[in-house]
């Protein structure tokens, strides 16, 4: 759904690829005035079909299919005044996810937007200003990246960001499981799926974020717009009634020189959402969530862990919970989630720029949400017309191999049991390949 960009700076870990320094950055880390980057990611995925007792509006195609996605970004950054940077990201995308990105909650392609296109389409994905205010004391060097300019900054600082961005640029990051262009491809491994995070169908939104950074911890707060309708492109103009807030506390540490971090996230959304209970109380079938829409709250919590166990070996996990009473509005139909995995760099087999990853995702929904799907209701990704409920269980493994300089290829396998929580469909095996380069 959304592109999560691997950038360099205070959150860099041993698993990250080294950052290239462009010609307009001097060796003593003086402030970089501007930069530009390009990236391209091409992904192909397919399955050979799977058993299914029935299919509905949002069901994954059980006959098998192959789909491709292509993305191309041009990133531009410029320093405006002391501590201020402006960044733009022009995105071109083309292609579709499996079954037009429906039928699996832990969807297998993070580059598959909810609005596919047969011909290349262009969008200004990001356009924001970042203001950094230092409080003095110890400094650190910030290396340049796709959304960062190089320079020195106070470790103790306040960072303000306003404009169009991905909420995932700032919140719920993870060193090993964050970017579907270079790491795991699955939605459930690029973000906490129980966080109904604010975004349009491309994964971007207008908003404001503040980050207070200290040597061992960071506190973040964000306030964002939300779409007018579920999974919609147009934003709700009722700014006082339609919004999304998120807070996050991050604590960092090092155990025998091996970095780790924990992030605690809480969110509160207010939008013109439907109620699952109200939809069930209406005798009309299939259950119609749209007929019950009113401005309601939706909230939830997340836990995000990462730890380097040894040089080039890291483990990670996410846990998530949402109230599950009101309509899924933006991301997925997930009320409970748990993920865990491992990421290993290839230095052990003399391929230091290769990465092997192995992870699992378990997704579930609340009891009232379950009854809604049993009554024929549809959500963002799920809705088979009926439901024999079971946890959706997903396994992913990938191998990303270095081809040349910043050119990488990857092979990927994902196994999904009970797709969209339905024991009457699946399991399904999804095979994939990825080509990625950046400059």
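Computed from the coordinates by the stated procedures, all read-outs in this text should not be read as laboratory data. Just so it is clear, the model here is predicted, and its values are computed rather than measured. Here Cβ is always computed from backbone atoms with ideal geometry, including for glycine, and neighbour counts include all displayed protein chains.
Structure notes:
- Between 262, 122, 361, the Gaussian network model of the chain with springs among Cα atoms under 10 angstrom shows the greatest mean-square fluctuation at 122.
- Cα-based convex hull, the range 228-376, per residue volume (Å³, whole number): 141 Å³
- GNM result for the chain, Cα springs below 10 Å: residue of 240, 147, 387 fluctuating most strongly: 240
- Whole-Å distance, taken between Cα centres, linking the range 216-232 and the range 329-378: 21 Å
- Mean separation of Cα pairs under 8 Å and 6 or more residues apart, divided by the residue count, gives the chain a relative contact order of 16 percent.
- Relative packing of 74-84, 329-339, which averages over residues the other C-beta atoms within 10 Å, highest first: 329-339, 74-84
- When the range 200-264 is reduced to its Cα atoms, the Kirkwood hydrodynamic radius in Å: 14.0 Å
- Average projection area in nm² (convex hull over Cα atoms of the range 170-315, one quarter of hull surface): 10.5 nm²
- Sorting 350, 369 from the fewest to the most surrounding beta carbons within 10 angstrom yields 350, 369.
- Long-range Cα-Cα pairs in the range 355-405 (distance over 14 Å), rounded percent: 63 percent
- Note on the chain: the C-alpha convex hull projects to 20.0 nm² when averaged across all orientations.
- Between 140, 31, 85, the GNM of the chain built on Cα springs shorter than 10 angstrom shows 140 fluctuating the most.
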